[in-house]
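The values are calculated or read from the model by the stated rules, or taken from the named source; none is laboratory data. Predicted model, so just to flag it, every value in this text is computed and none were measured. Here the Cβ is made from the backbone with ideal geometry for all residues, glycine too, and neighbour counts use every protein chain on show.
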Amino acid sequence: MTSMEEESSSLLDVSLAEITFVYFDVETTGLKPQFGDRICEVAALCCKGGEELRAYHTLVNPKRPISPGAFRVNLISEEDLAHAPLFEDVADDLLDALSDGVMVAHNARFDLGFLAAELATIHYPMIDTLVVDTLTLARRYYSFPSNSLSSVARSLGFGTEQLHRALSDVRLTRQVLETFMDDLRPQGVHTLGHLLGAQGGIIPMPALRQVPLPPAIEEALAQEGNLYIRYVSAEGEETERIVKPLRVTSLRDYVYLVAYCHMREARRVFRLDRILEMGPLQQP
């Protein structure tokens, strides 16, 4: 058993009042990290026994545009992000905050998927911690009109004036979980192990699927260098580009290259079977 497994096992019998919960939320440029969408705001709130211990919050420059759909939800503009730090500049402080205790998120797989993608981009390993998902608990034990955070919060009587911003959402998630724990206590949910059992077990940490890398891409990734590609779009348009590969991922039956495109001055996603030609370039 690893030290992390031993630590997790030792926490299972600890009273919920003695557990430090770290409420976590991200706002993003879109919905799909595998297509290059990125985190543009992040927050972590550490609480124990009903007391707030510390909060971490920052905007993050995603180095790509906010999608219209994401902007309608979070109202974060590109002007807001222009002078924000990059993820690589905030990663250590964020991971320090997340390491304080058991992570809590509403729709945890969404937030963890984006976190995993960002950490992979800067060659950091994914964190290994226990996770409580308030969305899973809502679905298992309640019949809310909708299980979105806003609907759950309104059904429980909480104000939702500042939804869809990371710091306000983590504070709302805290209120939701504390209400859930009060409701579940008469059913025998007193320890962290009981709570994880109530949600159906441990939520596994996501990992980006590993796919075989063409040698030119593998070399560019290893050397953090640039790559020449000749690419044909779905509409049949051919373009020549200089890109900096960031990672390779897969979805369904296709493999994709996520890269910074110097021509577009933004992060783009290229389907590998549409790359007609590629070759290494020296880092400028």
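Please verify whether segment 121-132 includes one or more residues that are of a type in the set (Phe, Trp, Tyr) and touching a strand residue (DSSP E or B) at 6+ places or on another chain (Cβ under 6 Å). I'd like the intermediate steps shown before the answer.
Just the residues of segment 121-132 that are of a type in the set (Phe, Trp, Tyr), to begin with: 124.
Adding the requirement that they be touching a strand residue (DSSP E or B) at 6+ places or on another chain (Cβ under 6 Å) leaves none.
No.
Anything in segment 74-91 that is of a type in the set (Asp, Glu) and more than 15 Å from the chain's Cα centre (by Cα)? List them, or say none.
Applying the first criterion (of a type in the set (Asp, Glu)) to segment 74-91 yields 78-80, 88-89.
Residues satisfying the conditions are Glu78, Glu79, Asp80, Asp89.
Output the residue which, of all residues in segment 11-56 that are more than 25 Å from Val248 (Cα to Cα) and among the aromatic types (Phe, Trp, Tyr), is surrounded by the fewest Cβ atoms within 10 Å (Cβ to Cβ).
The residue in question is Tyr56.
If Val170 satisfies all but one of (1) farther than 24 Å from Asp37 by Cα; (2) among the hydrophobic types (A, V, I, L, M, F, W, C); (3) modelled with pLDDT of 95 or more; (4) in a helix (DSSP H, G or I), what's the number of the condition it fails?
Single failed check for Val170: (1).
Filtering segment 154-195 down to residues that are under 14 Å from Leu137 (Cβ atoms), of a type in the set (A, V, I, L, M, F, W, C) and free of Cβ contacts under 8 Å to residues at least 60 places away in the same chain, which residue is surrounded by the most Cβ atoms within 10 Å (Cβ to Cβ)?
At the first step, the residues of segment 154-195 found to be under 14 Å from Leu137 (Cβ atoms) are 155-156, 173-185, 187, 189, 192, 194-195.
Those still in the list that are of a type in the set (A, V, I, L, M, F, W, C) too: 156, 176-177, 180-181, 184, 189, 192, 195.
Going one step further and asking which of them are free of Cβ contacts under 8 Å to residues at least 60 places away in the same chain, we end up with 156, 180, 184.
Numbers: Leu156: 16, Phe180: 22, Leu184: 17.
Top of the filtered list is Phe180.
Which of the residues spanning segment 23-38 are of a type outside the set (Phe, Trp, Tyr) and under 14 Å from Val258 (Cβ atoms)? Break it down stepwise before answering.
Looking only at segment 23-38, we keep the residues that are of a type outside the set (Phe, Trp, Tyr), and these are 25-34, 36-38.
Thr29, Gly30, Lys32, Pro33, Gln34, Gly36, Asp37, Arg38, listed by residue number.
Is it the case that Tyr228 is outside any helix (DSSP H, G or I), in contact with a strand residue (DSSP E or B) (Cβ under 7 Å, 6 or more places away or on another chain) and among the aromatic types (Phe, Trp, Tyr)?
Numbers: outside any helix (DSSP H, G or I): yes; in contact with a strand residue (DSSP E or B) (Cβ under 7 Å, 6 or more places away or on another chain): yes; among the aromatic types (Phe, Trp, Tyr): yes.
So Tyr228 passes the test.
Check Thr121 against each of (1) surrounded by 16 or more Cβ atoms within 10 Å (Cβ to Cβ); (2) modelled with pLDDT of 95 or more; (3) farther than 22 Å from Leu195 by Cα and name the one condition it does not meet.
In the conditions (1) surrounded by 16 or more Cβ atoms within 10 Å (Cβ to Cβ); (2) modelled with pLDDT of 95 or more; (3) farther than 22 Å from Leu195 by Cα, Thr121 misses (2) alone.
What are the pairs with Cβ atoms under 8 angstrom where one residue, in segment 52-80, is closer than 18 Å to Arg268 by Cα and the other, located anywhere, is of a type in the set (Ser, Thr, Tyr) and assigned to a loop (DSSP other than H, G, I, E, B)? Sequence gap at least six, or different chains.
Pairs found: Pro62/Thr29; Arg64/Thr29; Pro65/Thr29; Ile66/Thr29; Ile66/Ser77; Ser67/Thr29; Ala70/Thr29.
Which of the strands (runs of 3 or more DSSP E) contained wholly in segment 19-73 include at least 3 residues that are more than 18 Å from the chain's Cα centre (by Cα)? Walk me through it before giving the result.
Details: elements: 20-28, 39-48, 51-59.
By residue number, 51-59.
Counting only residues that are in contact (Cβ under 8 Å) with a residue 24 or more places away in the chain, farther than 20 Å from Glu41 by Cβ and in the same structural domain as Lys63 (by TED's automatic domain parsing), give me the helices (runs of 4 or more DSSP H) lying completely in segment 85-151 with at least 2 of them.
Working: elements: 87-98, 108-121, 134-141.
Output list reads 134-141.
Which residue out of Arg241, Arg268, Arg264 is basic (Lys, Arg) and over 20 Å from Ser67 (Cα atoms)? Explain how you work it out, then say what you get.
Working: Arg268 fails: over 20 Å from Ser67 (Cα atoms); Arg264 fails: over 20 Å from Ser67 (Cα atoms).
Answer to the selection: Arg241.
Looking at (1) free of Cβ contacts under 8 Å to residues at least 24 places away in the same chain; (2) in a strand (DSSP E or B), find the lone condition where Val258 falls short.
If we test Val258 against (1) free of Cβ contacts under 8 Å to residues at least 24 places away in the same chain; (2) in a strand (DSSP E or B), just (1) comes out false.
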